[in-house]
Amino acid sequence: MATQTARKPWGKTIVFGILSAALYAGVFAFADTIAAHFAQGSYWAAGPIATVFLFSYVHGEFTGNLWSVLGVEATRKAARKPETATTSTATKPATVRPAARRATLNA
Amino acid sequence: MDILTLDPTKFIDLNATGVCFLFIVGFIGGLVSGFIGSGGAFVLTPGMMSLGVPGTVAVASNMCHKFPKALVGAIKRFRYGQVDVKLGLVMAASAAVGVQMGIRIQQVILEKWGQAGSDLYVSLSFVAVLVLVGGYVMRDALRCARSGGVETTAPLALRLQAIELPPMLTFRRSGIRISLWFTLPVGFATGMLAATIAVGGFIGVPGMIYVMGVPGLMASATELVIAFVMGLGGSINWAMHGMVDIRLVLIILGGSLLGVQLGAIGTTYVREHMIKMVMAVIMLIVAVSRGIALPRYLVQLGLMDVSPEVLGVLGKISFGSMCLALLTGAVIILGSMWKGRAAAREEAHGQA
């Protein structure tokens, strides 16, 4: 969905894709044992929390780059400040916000 | 229990159907969350329970997938300039108090009226909040659509912003300055709802928009920060009690991280009122779904007489309509993205 051509992150996608697959394969090869250990609670609580942080980084990087490779990218800087903004204007706010301006954004 | 084997009363045997179901619902839930800041939890928890997962494990595992998903979504939308971290942290602090109050109320109801009473309270809260707030959001979304997508600051927010009640907080990213005292009820209500129906965003996002005057796009993205903070705290709590099934979490996360990024990208393609529209449509369909489930709890409390067969059918319709809510939201998001893409291409051609 990109509106401009940019270099696609093939390398990152492949590296993080392999890492993500390896992590999933590693965990699910010993899924029952790992789940049983994590289910002991107490200090074992660090297990699932650390695991999801690791997966969110590795799999998150993979999925983000995957969408870019597939050409699905952000198209505009969506955020804008309403005219009600800032300290000096707080008491005399405008009532209408301008439509967000379009701009190309690669993220 | 031998720690090398799973307790069958807590952990189900996974099969291909269950894995596919969780992955797909995770993806759609992620898509909706990335777009409106919340959603998916209301289908995932009952969905897991329908696979045989005990309620507490379903809630814990759902929460444990929710905070990393919110983190990834928040980072993505922060890059688009849509996240107000300061606002998210202020809201999360008061939401944490709301969660504790919500849990306490649940405990009192459970002690007094039992599980059926608690379920009835949850369903009534669902219906009341979603009909009132969802109806208001829908009305505003339609008004915005009729005026060509121009978003106006709510009159209540304008009035509150004009009141100088110390301490005043300035949220530069959102472009608002408002008293701390007006942020507290919104955060508190978000936490209360999160503890009651597991989707605090259904009140957090409209609260930020209509009470505080935060732009819709910014409110939906900032909700992800609140979801991350609350989800992390809740997950640590559940994990310390050994209630998280890491297998379920990772399967759902696999789909939801794909979805949340797509939903975040989607926000850059659509007009702002579409976020309100998607949120309102989902809220109103879920309200109908919970309304259909009410007779079951009324029967359990002896307040109504309906045959078990009818209750079974109503239960299926209720779950089906919740899935429909999520699916409808996803279709609107993808359709809007498609239209936005076409418009962006036309614009690019026009400039060339």
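The values are calculated or read from the model by the stated rules, or taken from the named source; none is laboratory data. In this text, all values refer to a predicted model and were calculated from it rather than measured experimentally. Positions of Cβ are backbone-derived with ideal geometry, glycine not excepted, and every protein chain shown enters the neighbour counts. Areas reflect the complete protein model, heavy atoms only, side chains present, ligands, DNA and RNA absent. Shrake-Rupley method; radii C 1.70, N 1.55, O 1.52, S 1.80 Å.
Test B:VAL53 against the criterion of being of a type in the set (A, V, I, L, M) and more than 18 Å from B:ALA239 (Cα to Cα), and give yes or no. In short, no. Scan region B:20-40 and give yes if some residue there is open to solvent by less than 10 Å² (accessible area, probe 1.4 Å), hydroxyl-bearing (Ser, Thr, Tyr), in contact (Cβ under 8 Å) with a residue 24 or more places away in the chain and assigned to a helix (DSSP H, G or I), otherwise no. Within region B:20-40, one or more residues are open to solvent by less than 10 Å² (accessible area, probe 1.4 Å), hydroxyl-bearing (Ser, Thr, Tyr), in contact (Cβ under 8 Å) with a residue 24 or more places away in the chain and assigned to a helix (DSSP H, G or I). Has region B:78-93 got any residue that is under 20 Å from B:MET279 (Cα atoms), in contact with a helix residue (DSSP H, G or I) (Cβ under 8 Å, 6 or more places away or on another chain) and assigned to a helix (DSSP H, G or I)? Checked region B:78-93: at least one residue is under 20 Å from B:MET279 (Cα atoms), in contact with a helix residue (DSSP H, G or I) (Cβ under 8 Å, 6 or more places away or on another chain) and assigned to a helix (DSSP H, G or I).
Against the numbered list (1) among the charged types (D, E, K, R); (2) surrounded by fewer than 24 Cβ atoms within 10 Å (Cβ to Cβ); (3) at pLDDT 90 or above, B:ARG77 comes up short only at (2). The set of residues from region B:167-189 being under 26 Å from B:GLY102 (Cβ atoms), touching a residue at least 24 places away in the same chain (Cβ under 8 Å) and open to solvent by 50 Å² or more (accessible area, probe 1.4 Å) comprises B:LEU184, B:PRO185, B:PHE188. If the requirement is being in contact with an Asp or Glu (Cβ under 7 Å, 6 or more places away or on another chain) and β-branched (Val, Ile, Thr), which of these qualifies: B:VAL19, B:VAL25, B:VAL32, B:VAL57? The conditions single out B:VAL57. A single member of A:LEU70, A:LEU54 is open to solvent by 40 Å² or more (accessible area, probe 1.4 Å) and touching a residue at least 24 places away in the same chain (Cβ under 8 Å), and it is A:LEU54. Do we have A:GLY60 as facing chain B (nearest Cβ under 7 Å), closer than 16 Å to B:VAL57 by Cα and open to solvent by less than 50 Å² (accessible area, probe 1.4 Å) here? Spelling it out, it is not the case that A:GLY60 is facing chain B (nearest Cβ under 7 Å), closer than 16 Å to B:VAL57 by Cα and open to solvent by less than 50 Å² (accessible area, probe 1.4 Å).
For (1) within 25 Å of B:GLU223 (Cβ to Cβ); (2) touching a residue at least 40 places away in the same chain (Cβ under 8 Å); (3) part of a helix (DSSP H, G or I), each residue gets a yes or a no:
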position: B:VAL288; (1), (2), (3): yes, no, yes
position: B:LEU303; (1), (2), (3): no, no, no
position: B:VAL310; (1), (2), (3): no, no, yes
position: B:VAL313; (1), (2), (3): no, no, yes
position: B:ILE317; (1), (2), (3): no, no, yes
position: B:GLY329; (1), (2), (3): yes, yes, yes
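When region A:16-29 is filtered for residues that are at the interface with chain B (Cβ under 10 Å from one of its Cβ atoms) and hydrophobic (A, V, I, L, M, F, W, C), the ones remaining, listed by number, are A:LEU23, A:VAL27, A:PHE28.
Residue check: is B:GLY149 touching a Lys or Arg at 6+ places or on another chain (Cβ under 7 Å), at positive phi and modelled with pLDDT under 90?
Against the criterion (touching a Lys or Arg at 6+ places or on another chain (Cβ under 7 Å), at positive phi and modelled with pLDDT under 90), B:GLY149 qualifies.
Here is the figure for region B:232-250: residues that are surrounded by fewer than 24 Cβ atoms within 10 Å (Cβ to Cβ) and more than 8 Å from chain A (Cβ to nearest Cβ) total 4.
Answer yes or no as to whether B:MET192 is hydrophobic (A, V, I, L, M, F, W, C) and free of Cβ contacts under 8 Å to residues at least 40 places away in the same chain. No; evaluated as a whole, the condition is false for this residue. Scanning region B:201-217 for any residue that is more than 25 Å from B:SER125 (Cα to Cα) and more than 10 Å from chain A (Cβ to nearest Cβ) turns up nothing.
A single member of B:VAL131, B:VAL72, B:VAL90, B:VAL97 is open to solvent by 50 Å² or more (accessible area, probe 1.4 Å) and under 19 Å from B:MET230 (Cα atoms), and it is B:VAL97.
For region B:139-165, taking the residues that are in a helix (DSSP H, G or I) and open to solvent by 40 Å² or more (accessible area, probe 1.4 Å), the one that is farthest from B:HIS273 (Cα to Cα) is identified as B:ARG159.
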